[in-house]
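Engineer: I'd like to ask some things about the structure below.
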Amino acid sequence: MSEHKFVDTSRRLGAASLDLISNHAELFALELQEQKQHSTQQLIWLGLIAACGFMLFLLLNALLIVLFWDSYGYMLLIAMSASYAIAGGLCFWRMRAAQNIMQAPFSASLQELKKTKEQLLP
């Protein structure tokens, strides 16, 4: 009789655990889908902002060239080109520095999984 209760209890515990895992997986998938949609919308807005900013940048450069062409001519173009080359080089250097200090993706999650595994296994 006690074996039958143990098997029945084990089955119910297993079913409850599976149900719990299934619910968590469903919730995770739903949240992941919502985050994907939100990120896509944010990227679209970021692209539009970048396009408008680039057009503003081009128009301001054209305005500078038109206003100061008579006074400075080609020196203005050389100065603008040099300043943009320096700014681009600084941005590239900063990007490379950020890549060198970046951690591997999901490293914190992997560490937590290892800790959990060590705690559960003798």
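Engineer: Criterion first (of a type in the set (A, V, I, L, M, F, W, C), at pLDDT below 85 and out of contact with any strand residue (DSSP E or B) (no Cβ under 9 Å at 6 or more places or on another chain)) does residue 60 satisfy it?
Structural biologist: no
Engineer: Given the options 18, 30, 48, name the one that is more than 25 Å from residue 80 (Cα to Cα) and at pLDDT 95 or above.
Structural biologist: Only one candidate qualifies: 48.
The values are calculated or read from the model by the stated rules, or taken from the named source; none is laboratory data. No experiment lies behind these values; they were computed from the predicted model shown. All Cβ positions, even for glycine, are placed from backbone atoms using ideal geometry, and neighbour counts span all protein chains on display.
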